[in-house]
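Accompanying notes for the structure given below.
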Amino acid sequence: MNNIIDVNESNFEKKVLEESLQKLVVVDFWAPWCGPCKQLTPILEKTITPYPDKIVLAKINIDENQQIASQLRIQSIPTVFSFKDKQVNNAFQGVIPEVEIIKFLENSLGEKLNIGFDEFYNDIQILIDDNNFSQAKDMVEGFIVENSKEVKGLCLYLECLIGLDKTQEAIEFLKSINDDMAKEDEIVNISKKINMIEESKKGPSLEQLMGDLSRSPNSLELIFKIADSHFANNEFEEAFKILLENYPKNKDKIKSKLISFFNVLGLEHPLTNLYRKKLSSIIFS
């Protein structure tokens, strides 16, 4: 990591001030006993490492370099300064999320960084999978303000609203998306999911539908309503199972229904892959 360096009082002038004439120098003030520092520094390293031509991360242990800390009036750690043209041009204190660090770097540089968001999306998806919808919503909300054209970010935000049972808010949010974005497949599919949830709220309860089906076991309408109810409540496997169990009753319509569910859930979802294989094995058995 040639743009990640340790700096001390003897080389601060050269490694930070002089270097800041050529590149942005981000200075991380830390100490071995500081727990939050151990959280922040790896995020800084990960975020800055891909940009050796633009950014240097200089790490300063304040226990060993108290004069610098005193001159810069460091009162708590972690504290991060950015230097440009030998001057401090930006700063923050404490641990902040990676997306906020990216924003800090872009503001300090005065330009956008070409950054992928896969890891951020994965972190949000883990929270959603663990039903931590409120935390995920808070994280992704600020992200989409800065990245309003990130379709994946918009969809994750909508998933959070669904998980929080705020489908009306999700519907209003969808109305705010411009026409071109609204035509994206991912947006179209999550719109279908939201509509499905709203429709399931209007109809009979799942228990009532199951009772009706026990009396009319060949009713494709009831089978579909039950599958929709399961799907709307994120009970995807139950939705797929009832459709596959009743596949012989109307192969074409149930196949079409399953495919519509696969598309809404996403072709890369593990359950989509699993039940596509199950459907294929039934079709070709």
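The values are calculated or read from the model by the stated rules, or taken from the named source; none is laboratory data. Only a predicted model underlies this, so the values are computations on that prediction, with no experimental measurement involved. When we count neighbours, we look across all protein chains shown, and the Cβ atoms used for this are built from the backbone with ideal geometry, even at glycine.
Are there any pairs, at least 6 apart or on different chains, whose C-beta atoms fall under 6 Å, with the first in region 191-210 and under 11 Å from residue 225 (Cβ atoms) and the second acidic (Asp, Glu), and if so, which?
Close Cβ pairs (under 6 Å, with a partner that is acidic (Asp, Glu)) amount to 196/228; 200/228.
Sort through 195, 234 and tell me the only one that's part of a helix (DSSP H, G or I) and modelled with pLDDT under 90.
195
Given 154, 161, 174, which one is aliphatic (A, V, I, L, M) and closer than 22 Å to residue 227 by Cα? Spell out how you get there, then give the answer.
Numbers: 154 fails: closer than 22 Å to residue 227 by Cα; 174 fails: closer than 22 Å to residue 227 by Cα.
The conditions single out 161.
List the strands (runs of 3 or more DSSP E) inside region 44-131, counting only whole elements, that have at least 3 residues being surrounded by 19 or more Cβ atoms within 10 Å (Cβ to Cβ) and at negative phi.
Numbers: elements: 55-61, 79-84, 87-93.
It comes to 55-61, 79-84.
Per-residue answers, yes or no, for (1) in the same structural domain as residue 102 (by TED's automatic domain parsing); (2) free of Cβ contacts under 8 Å to residues at least 24 places away in the same chain; (3) among the acidic types (Asp, Glu):
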site	(1), (2), (3)
16	yes, no, no
22	yes, yes, no
25	yes, no, no
44	yes, no, no
47	yes, no, no
53	yes, no, yes
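Those residues that are assigned to a helix (DSSP H, G or I) and over 28 Å from residue 58 (Cα atoms), I need them from region 132-141; list them, please.
133, 134, 135, 136, 137, 138, 140, 141
Please find, within region 171-209, the residue that is surrounded by the most Cβ atoms within 10 Å (Cβ to Cβ) out of those that are within 20 Å of residue 261 (Cβ to Cβ) and of a type in the set (Gly, Ala, Ser).
200
Against the definition (exposed (fewer than 15 other Cβ atoms within 10 Å of the Cβ) and in contact (Cβ under 8 Å) with a residue 24 or more places away in the chain), how does residue 283 come out, yes or no? Can you show your working first?
Working: exposed (fewer than 15 other Cβ atoms within 10 Å of the Cβ): yes; in contact (Cβ under 8 Å) with a residue 24 or more places away in the chain: yes.
When the stated conditions are applied, residue 283 passes them.
For region 80-100, name all the residues that are under 27 Å from residue 123 (Cβ atoms) and of a type outside the set (D, E, K, R).
80, 81, 82, 90, 91, 92, 93, 94, 95, 96, 97, 99
Which residues, taken from region 1-43, are part of a helix (DSSP H, G or I), charged (D, E, K, R) and buried (at least 18 other Cβ atoms within 10 Å of the Cβ)?
Residues of region 1-43 part of a helix (DSSP H, G or I): 12-21, 35-43.
Okay, now just the ones that are also charged (D, E, K, R), so 13-15, 18-19, 38.
Within region 1-43, 15, 19 qualify.
Of the conditions (1) part of a helix (DSSP H, G or I); (2) modelled with pLDDT of 90 or more, residue 200 clears all except one; give me its number.
(2)
Quick one: which residue in 150, 159, 146 is in the same structural domain as residue 192 (by TED's automatic domain parsing), touching a residue at least 40 places away in the same chain (Cβ under 8 Å) and out of contact with any Leu (no Cβ under 7 Å at 6 or more places or on another chain)? Don't jump to the end; show me each part of the working.
On the way: 150 fails: touching a residue at least 40 places away in the same chain (Cβ under 8 Å); 159 fails: touching a residue at least 40 places away in the same chain (Cβ under 8 Å).
After applying the criteria, what remains is 146.
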